Amino acid sequence: MAEPVIRCILLDIEGTTCPVSFVASVLFPYARERLASYLETNHADPEVQALLAATQAALAVDPNPEVQALRQGSPIPGHQPGGQEYLQAAQTNSPLVAYLQWLIDHDIKFPALKELQGRIWASGYANGDLIAPLFDDVAPTLHRWHRERYQLAVYSSGSVAAQQLLYRHSQDGNLEGLFSHWFDSRIGSKQATDSYSAIAAVLQLDPAEILFVSDAIAEIRAAHGIGMAVRFSDRQGNPGRDPGPFNAIQSLAEIELP
Ligand SMILES: [Mg+2]
């Protein structure tokens, strides 16, 4: 039987097209450091007020003992690193800022926080503070695939808005227009097989016509589970680099499409 023709290339971002370090060491700290000043400057914006109200509501009912300490303005028990800093943030800014920073540090997904981070990143990209680094092979390969009429799509746990900002402000210029579809965790977890079925349905393609590239073995396994073609992205600087039974690539340029 002939190998099915690939029509769409579905790409993870972090660890696949963009170094993990940009997200972890640049984007997240950038938003964290600017939370207080951003909220101060934009406090009157009704949308920001709504996000703060949602944060306040979550803070009021968060059962975590550390959060209860924050709420009472007392030091976090156990002197965990950063505890003093949260207390200071709670005293000088507001318990809300301290709580948002605590959520970031504990990698807790919270929609209002995600939205605020997105707004801070948007202003950082717009004023030139932030430029997304991509691996050298990414822009030329995306342009080639686009010329060759492959559909290009993104699937990343960062919000679609954040994905578009990143490709709009890349070191290789604005690449946003090369992609036709954008998926984030609203379609489902990247480790769940159902998410890949849902993506194939949106793309109106048979899973075998889609090639998914990611550095996370659980994601590769889920996509492969419904019959997508897969490649494991083994980039310099990625934490887990065991491809298991899957084909590994170190550059998108290595990919040969049937
Ligand atoms: Mg990744």
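Just a few scattered comments:
- Any hit, region 22-40, residues being more than 25 Å from the chain's Cα centre (by Cα) and either farther than 30 Å from Ala198 by Cα or among the polar types (S, T, N, Q) (or both): yes
- Some residue of region 194-204 being outside any helix (DSSP H, G or I) and within 16 Å of the ligand (Cβ to nearest atom): no
- Residue that is farthest from Pro239 (Cα to Cα), among those in region 205-216 that are within 15 Å of the ligand (Cβ to nearest atom) and either small (Gly, Ala, Ser) or outside the structural domain of Arg231 (by TED's automatic domain parsing) (or both): Ser214
- Leading residue by the ranking (nearest to the ligand (Cβ to nearest atom)) among those in region 217-227 that are under 16 Å from Ile6 (Cβ atoms) and crowded, with 20+ Cβ neighbours inside 10 Å: Ile220
Residue-by-condition table, conditions (1) assigned to a helix (DSSP H, G or I); (2) in contact with a Phe, Trp or Tyr (Cβ under 6 Å, 6 or more places away or on another chain); (3) modelled with pLDDT under 90; (4) of a type in the set (A, V, I, L, M, F, W, C):
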{"residue": "Leu59", "(1), (2), (3), (4)": "yes, yes, no, yes"}
{"residue": "Ala69", "(1), (2), (3), (4)": "yes, no, yes, yes"}
{"residue": "Pro77", "(1), (2), (3), (4)": "no, no, yes, no"}
{"residue": "Leu87", "(1), (2), (3), (4)": "yes, no, yes, yes"}
{"residue": "Gln91", "(1), (2), (3), (4)": "yes, no, yes, no"}
{"residue": "Asp107", "(1), (2), (3), (4)": "no, no, yes, no"}
{"residue": "Glu115", "(1), (2), (3), (4)": "yes, no, no, no"}
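- Pairs where the first residue, in region 142-158, is under 25 Å from Val23 (Cα atoms) and the second is of a type in the set (S, T, N, Q) and away from the ligand (no atom under 16 Å from the Cβ), C-beta under 7 Å, 6+ apart: Leu152/Ser180; Ala153/Ser180
- Residues of region 221-251 that are out of contact with any strand residue (DSSP E or B) (no Cβ under 7 Å at 6 or more places or on another chain) and within 17 Å of Val138 (Cβ to Cβ): Arg235, Gln236, Gly237, Asn238, Gln250, Ser251.
The values are calculated or read from the model by the stated rules, or taken from the named source; none is laboratory data. Model, not experiment: these values are computed from the prediction. No Cβ is skipped: glycine too gets one built from the backbone with ideal geometry, and neighbour counts run over all protein chains shown.
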